Amino acid sequence: MDKRNRKAAGWAWLAALIILTAGHPSWAAGELVIKMATLAPQGSEWHQALQEMGAAWQKASNGRVVFRLYPGGVAGDDADVVRKMRLGTLNAGLLTGAGLADMDRSTLTLQVPMTYANYSELDCVREQMSPQIEKQLEAKGFVLLGWTEAGWAYFFTKSPVQSPDDMKKLKMFVWAGDDRYVELWKKAGFNPVPLPSTEISTALQTGLVNAVTSTVQGVVLLQWYRQVKYMTDLKWGVLLGGVVVTKAAWEKIPADVRPAIKEAARNACKRLSDFSRRSEPKDIEILKQNGIEVVHVEGAALEQWRRLIDGVLPQVRGEYVPAEPLDTTLKLRDQCRRQAAGKSGGS
């Protein structure tokens, strides 16, 4: 090839490259891959919502942000995901409250058992506490893009549980990796068995545990109703979660794209929270159809559970949950409760 032909070929190659990169701006600008992991099963509503969120991220960024999702616990449980986010091998996660607490314990202030009587109280408190918690998380290197929830958590067991004494006879699953949490249960007279959440199904099958705290949605999705026989109708607490990205990854996202990224995440979180709230009655019926018996808690038994929480709370404050945000949370809960009562009384 002579010099003129070589020059022409070079210009042709450059023109082709310009055309290709013009069609794919992310190639020219350099794409950012966000690797997200979650325990949510593949094919579930949660998986679908995250996939659509990721598609919205890619569209809003014109391909500059690429989304990769690892569902169904393939990246490990929440403790594993948080550890990998700190190492940089993962950039984001849809985490449960346990994972959020691994990042910063101030998130536990929204998760104290039997603190909220209904969703309205939780919503009222969370809205006011969220800015402070988000600031705490950011100081630890994480950006909370949105809160979500999987519904009320109940006890699911192989023998009926109505009172705390009934539960003390059983082997309870608790999240592994939080020794202080395990000790709190032991001091209260219970028999906690710390395990990764990815091992719950096997543990129930083998009898390593015979009690687990979960939402009805979780028991239906993961088919734990095959291993448990009873559901204790005691609203232990709302199973909170959130979409979190590392601060390092967040700061690499172009500033003009970040508002759309956050909006898509919050839309996904709201969709999932709404789904969880709507689906609970239907899921309870599915459990009943599969042989689950609902054990109602009222009267003296309910009072025993309340006394248990009241007795443990002083040990929790400061030792397990940061004192100042816990105090603030409980004050806000009482204010929200009074406001709701005032509106009800005035209607």
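The values are calculated or read from the model by the stated rules, or taken from the named source; none is laboratory data. Everything numeric in this text was worked out from a predicted model, so none of it was measured. Cβ sites come from the backbone with ideal geometry, for glycine too, and all protein chains shown count toward neighbours. Accessible surface is based on the protein model in full, side chains and every heavy atom, while ligands, DNA and RNA are left aside. Shrake-Rupley method; radii C 1.70, N 1.55, O 1.52, S 1.80 Å.
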Got a sec? Which of VAL219, VAL193 is under 30 Å from LEU90 (Cα atoms) and without any contact (Cβ under 8 Å) to a residue 24 or more places away in the chain?
VAL193
Given the structure, is TRP236 open to solvent by 10 Å² or more (accessible area, probe 1.4 Å), over 18 Å from LEU95 (Cα atoms), of a type outside the set (D, E, K, R) and within 17 Å of the chain's Cα centre (by Cα)?
yes
Could you please let me know if ILE309 is more than 27 Å from GLU183 (Cα to Cα), assigned to a helix (DSSP H, G or I) and under 26 Å from the mean Cα position of the chain (by Cα)?
no
Total residues in the stretch 189-227, condition more than 29 Å from ASP274 (Cα to Cα) and in contact with a Gly (Cβ under 8 Å, 6 or more places away or on another chain):
1
Those residues of the stretch 93-116 which are under 22 Å from ALA49 (Cβ atoms), assigned to a helix (DSSP H, G or I) and open to solvent by 10 Å² or more (accessible area, probe 1.4 Å) amount to ALA98
Only residues in the stretch 275-304 that are modelled with pLDDT of 95 or more and open to solvent by less than 80 Å² (accessible area, probe 1.4 Å) count as the first member; pair them with residues that are basic (Lys, Arg) and not in a helix (DSSP H, G or I), Cβ under 8 angstrom, at least 6 apart or cross-chain, and list the lot.
GLY291/LYS229; ILE292/LYS229
Restricting attention to the stretch 117-169, the residues that are over 23 Å from VAL220 (Cβ atoms) and either at pLDDT below 95 or assigned to a helix (DSSP H, G or I) (or both) number exactly 24
The lone condition LEU90 fails out of (1) touching a Lys or Arg at 6+ places or on another chain (Cβ under 7 Å); (2) within 18 Å of ALA153 (Cβ to Cβ); (3) open to solvent by less than 30 Å² (accessible area, probe 1.4 Å) is (2)
Having 1 or more residues that are of a type outside the set (Asp, Glu) and under 30 Å from LEU308 (Cβ atoms) is the bar; report the helices (runs of 4 or more DSSP H) wholly within the stretch 187-286 that clear it.
200-206, 216-221
Considering only residues that are among the basic types (Lys, Arg), farther than 22 Å from PHE142 by Cβ and touching a strand residue (DSSP E or B) at 6+ places or on another chain (Cβ under 9 Å), which ones fall in the stretch 197-252?
LYS229, LYS235
Count, please, the residues in the stretch 127-148 that happen to be free of Cβ contacts under 8 Å to residues at least 24 places away in the same chain and either buried (at least 22 other Cβ atoms within 10 Å of the Cβ) or under 23 Å from PHE275 (Cβ atoms) (or both).
2
